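The values are calculated or read from the model by the stated rules, or taken from the named source; none is laboratory data. Since the structure is predicted, the reported quantities are computational estimates derived from the model, not experimental observations. Heads up, the Cβs are rebuilt from the backbone with ideal geometry, glycines too, and the neighbour counts pull from every protein chain shown.
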Amino acid sequence: MILRAEGLRKFYGKFCALDGVSLGVGAGEFVSIIGPNGAGKSTLINILTGVLRPSAGRVSFRGRDVGGIGPARLARLGMARSFQLVQIFPELTVLDTLQAAVVARLGRGTRLFASLARDRDVHAEALEVAELFGLGARRGVPARQLPQGDKKLLDVAAAFALRPHIILLDEPTSGVSTSDKTAIMEILVAASRRIGLQAIIQVEHDMDIVFAYSDRIIALHQGKVLADAPPAAIQADQRLIDTVIGRRVPSR
Ligand SMILES: Nc1ncnc2c1ncn2[C@@H]1O[C@H](COP(=O)(O)OP(=O)(O)OP(=O)(O)O)[C@@H](O)[C@H]1O
Ligand SMILES: [Mg+2]
């Protein structure tokens, strides 16, 4: 197992958002987390990536207890998640965003960024990732000016530029059209192979995407794991699907 969580609980005040969640993710797995609004999916991702500390339970990554070590150190150990860089630097161009990710991976301070951005290796690698994600032609465009689908891609590309062992994506295709969703997933899978990514965990609401790309699906409901099974087993259980998908409003 690359990533393992045992008995995770998370309280927000008296409200229990996660109530004893355990899971494991092994090498080569693409795992989707599904569940209705408020099920605890983002809370789980935030705990797994060290952004939130669990009220109880343990998280281990590559055999090492990582509870509460924080997202920056987890990233250095090889766990990346999408969307942070784009959210932080909307004025940066596509290439600058990817260069920032490459520089972050190399463990150098942002103070040196201005000079390092000119460094040929950083530039070449950022450009390679841009091409890999089909963003080469837009490398000079500021992130905030990109269409939604390309913003999502840049998000994911920046996480890939960290060359992680594992990547966690909270709704990588939300807010894009169905055809764009499939395009994003195809690029993601191809890029994963290219960089030798060991596992992907995603939160996703589009069940066509979930069923098409997952090796395993973890269904959360009211902070508990209702099911943890391959797509075929989930697909065959209509009651589970009704419970887990329910009627939902799109999240931001
Ligand atoms: N910081 C917080 N303080 C208090 N309650 C919170 C906080 N963050 C989340 N919650 C609550 O915890 C529950 C789980 O939230 P979470 O964001 O993990 O759900 P989610 O499954 O990601 O939902 P969505 O599908 O809407 O993204 C919800 O009821 C939410 O209102
Ligand atoms: Mg969420």
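Would a scan of region 204-224 turn up a residue that is on the phi > 0 side of the Ramachandran plot, in contact (Cβ under 8 Å) with a residue 60 or more places away in the chain, more than 16 Å from the chain's Cα centre (by Cα) and within 16 Å of ligand 1 (Cβ to nearest atom)? Steps first, answer last, please.
Residues of region 204-224 on the phi > 0 side of the Ramachandran plot: 222-223.
When the remaining residues are screened for being in contact (Cβ under 8 Å) with a residue 60 or more places away in the chain, the result is 222-223.
From the residues that got through so far, the ones that are more than 16 Å from the chain's Cα centre (by Cα) too are 222-223.
Narrowing the set further to residues that are within 16 Å of ligand 1 (Cβ to nearest atom) leaves 222-223.
Within region 204-224, one or more residues are on the phi > 0 side of the Ramachandran plot, in contact (Cβ under 8 Å) with a residue 60 or more places away in the chain, more than 16 Å from the chain's Cα centre (by Cα) and within 16 Å of ligand 1 (Cβ to nearest atom).
Return only the number of the condition from (1) within 16 Å of ligand 2 (Cβ to nearest atom); (2) within 19 Å of residue 130 (Cα to Cα); (3) out of contact with any strand residue (DSSP E or B) (no Cβ under 7 Å at 6 or more places or on another chain) that residue 206 does not satisfy.
Only one criterion is unmet by residue 206, namely (2).
Filter region 18-41 for residues that are among the β-branched types (Val, Ile, Thr) and touching a helix residue (DSSP H, G or I) at 6+ places or on another chain (Cβ under 7 Å); which is nearest to residue 196 (Cα to Cα)?
So in region 18-41, the residues among the β-branched types (Val, Ile, Thr) come out as 21, 25, 31, 33-34.
Filter again for touching a helix residue (DSSP H, G or I) at 6+ places or on another chain (Cβ under 7 Å), leaving 21, 33-34.
On the way: 21: 28, 33: 22, 34: 25 Å.
Selected residue: 33.
Quick one: which of 197, 240 is of a type outside the set (Asp, Glu) and either modelled with pLDDT under 90 or not in a loop (DSSP other than H, G, I, E, B) (or both)?
Numbers: 197 fails: either modelled with pLDDT under 90 or not in a loop (DSSP other than H, G, I, E, B) (or both).
Going through 197, 240 in turn, just one is of a type outside the set (Asp, Glu) and either modelled with pLDDT under 90 or not in a loop (DSSP other than H, G, I, E, B) (or both): 240.
Cβ contacts < 7 Å: first residue without any contact (Cβ under 8 Å) to a residue 24 or more places away in the chain, restricted to region 33-53; second residue near ligand 1 (Cβ under 6 Å from one of its atoms) and part of a helix (DSSP H, G or I), any location; separation 6+ or different chain. Result?
none
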